[in-house]
Structures are given as structure tokens and as C-alpha cells.
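Enquirer: Please see the structure below; I have some questions.
The values are calculated or read from the model by the stated rules, or taken from the named source; none is laboratory data. What you see is a predicted model; the values in this text were computed from it and never measured. Virtual Cβ from ideal backbone geometry, glycine too; neighbours counted across all protein chains shown.
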Amino acid sequence: MTRRQALLMRGAHLVWRFTRGMTLGVRGAAIDGENRVCLVRHTYMNGWHLPGGGVEPGETALDAVARELREETGIVLDPAATPVLHGFYFNDRASRRDHVALYVARAFAVPVPKRPDREIAEAAFFPLDALPPDTTPATRARLVEIRDGRPPAATW
């Protein structure tokens, strides 16, 4: 992450601090039939992450995860198979007000592969037991929980 991008993120969190009592984000673990998970590399953060973002006012968490998966990866969820809530986390790394809902989706399609844009440098599928070396620690921890059937941690 560049210094400018880090400053922009800090500025956004400062604005949210005064405009929102709490921030809620969603992440989606889209796992295909070959036990591969879709991860993204952002243009403004280092490492590979689970796709996701903020829940907008008037939007459900499920709508937000569907939107974020579509925007960041090209994944379109199967409307007949609702993603399952894996865990709800306090994200104290972002702020004292941030929480993340993590959903697992196993029924989806990728009609058009994601092309790089201003936000997403790359989106790709990786085997759960062979993640890229620069996968973030939080992403690795969440995927171990899912893979091994462990209960979710309290913090992201």
C-alpha cells in the first residue's frame, strides 16, 4: 500500500467514525467444487484477501456479500443456495467500531472472469491447502476455521 492510499483509508475511517456508530463489513469465502477459494489482491493493500467490503445503509449483509463478490471477482451467487454465515468478528485492526460478517458460498458461477481495475489488481482461485505466500494472516486464519470446521474466533 502506498503512503497516499494509506492516508486515504485513514481519512475514510475518520469520516466513518463520525458518520456511523459502527461499521459493518462482509467477506465472502467462495469455495468451488475442487475445494479452491477465490482471493483478491487490492491495488491499495498488500497481500491476498477474501473479497468483501462495507454494508451500505439499507442493504442486507447477504446483499452486500453478493454485490462485493460480483464486483471484486465476477462471481455470481446461485439464487437457490444462500451463503452460510460462518462467523461475526470484531475487527479491532481497522477501528474500535468495525465488525465483519464472513459468509461461505459454495454455489456460484463466474460468467466473466474479473479483469484488473482501479481497486482489484487480481482475482484468482487457490486450493485451500496451497494459498499464495502473501495471503494475509487473517485470511489464512478464517480459511483454516472453515477448512477444519473450527468455531470462528472473536476477532478478525
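Enquirer: Considering only residues that are assigned to a helix (DSSP H, G or I) and surrounded by 13 or more Cβ atoms within 10 Å (Cβ to Cβ), which ones fall in region 119-139? It would help to see each step written out before you state the result.
Expert: From region 119-139, those assigned to a helix (DSSP H, G or I) are 137-139; that's our starting set.
Hits for region 119-139 are Ala138, Thr139.
Enquirer: Of the residues that sit in region 139-154 and are within 14 Å of the chain's Cα centre (by Cα) and free of Cβ contacts under 8 Å to residues at least 60 places away in the same chain, which one is nearest to Pro51 (Cα to Cα)?
Expert: Among them, the one singled out is Arg140.
Enquirer: Quick check on this structure: which one of Asn35, Asn46 is modelled with pLDDT of 95 or more and at positive phi? Please lay out each step first, then the result.
Expert: Working: Asn46 fails: at positive phi.
Residue meeting the stated conditions: Asn35.
Enquirer: List pairs: first residue in region 106-133 and of a type in the set (Val, Ile, Thr), second residue not in a loop (DSSP other than H, G, I, E, B) anywhere in the structure, Cβ distance under 7 angstrom, at least six positions apart or on different chains.
Expert: Ile120/Val40; Ile120/His42; Ile120/Glu72
Enquirer: Applying the selection to region 56-91, what residues are in contact (Cβ under 8 Å) with a residue 40 or more places away in the chain, assigned to a loop (DSSP other than H, G, I, E, B) and over 18 Å from Val144 (Cβ atoms)?
Expert: Gly74, Ile75, Pro83
Enquirer: Is there any pair linking a residue in region 22-37 that is part of a loop (DSSP other than H, G, I, E, B) to one that is of a type in the set (A, V, I, L, M, F, W, C), with Cβ under 6 Å and at least six apart or on different chains, and which?
Expert: Here the result reads Asn35/Leu128, each pair linking region 22-37 to a residue that is of a type in the set (A, V, I, L, M, F, W, C).
Enquirer: Can I ask one more? If I ask for residues that are hydrophobic (A, V, I, L, M, F, W, C) and more than 20 Å from Arg115 (Cα to Cα), which ones from region 31-71 would you list? If you could, list the steps in order and put the result at the bottom.
Expert: The first filter runs over region 31-71 and keeps only residues hydrophobic (A, V, I, L, M, F, W, C), leaving 31, 37-40, 45, 48, 50, 55, 61-62, 64-66, 69.
Listed by number, the residues that qualify are Val55, Ala61, Leu62, Ala64.
Enquirer: Please find, among Arg93, Arg147, Arg115, Arg106, the residue that is charged (D, E, K, R), more than 17 Å from Leu39 (Cα to Cα) and surrounded by fewer than 18 Cβ atoms within 10 Å (Cβ to Cβ).
Expert: Numbers: Arg147 fails: more than 17 Å from Leu39 (Cα to Cα); Arg115 fails: more than 17 Å from Leu39 (Cα to Cα); Arg106 fails: more than 17 Å from Leu39 (Cα to Cα).
None of the others qualify; the one that does is Arg93.
Enquirer: Inside region 41-54, can you point out the residues that are surrounded by 22 or more Cβ atoms within 10 Å (Cβ to Cβ) and either farther than 17 Å from Ala29 by Cβ or of a type in the set (A, V, I, L, M, F, W, C) (or both)?
Expert: Within region 41-54, Trp48, Leu50 qualify.
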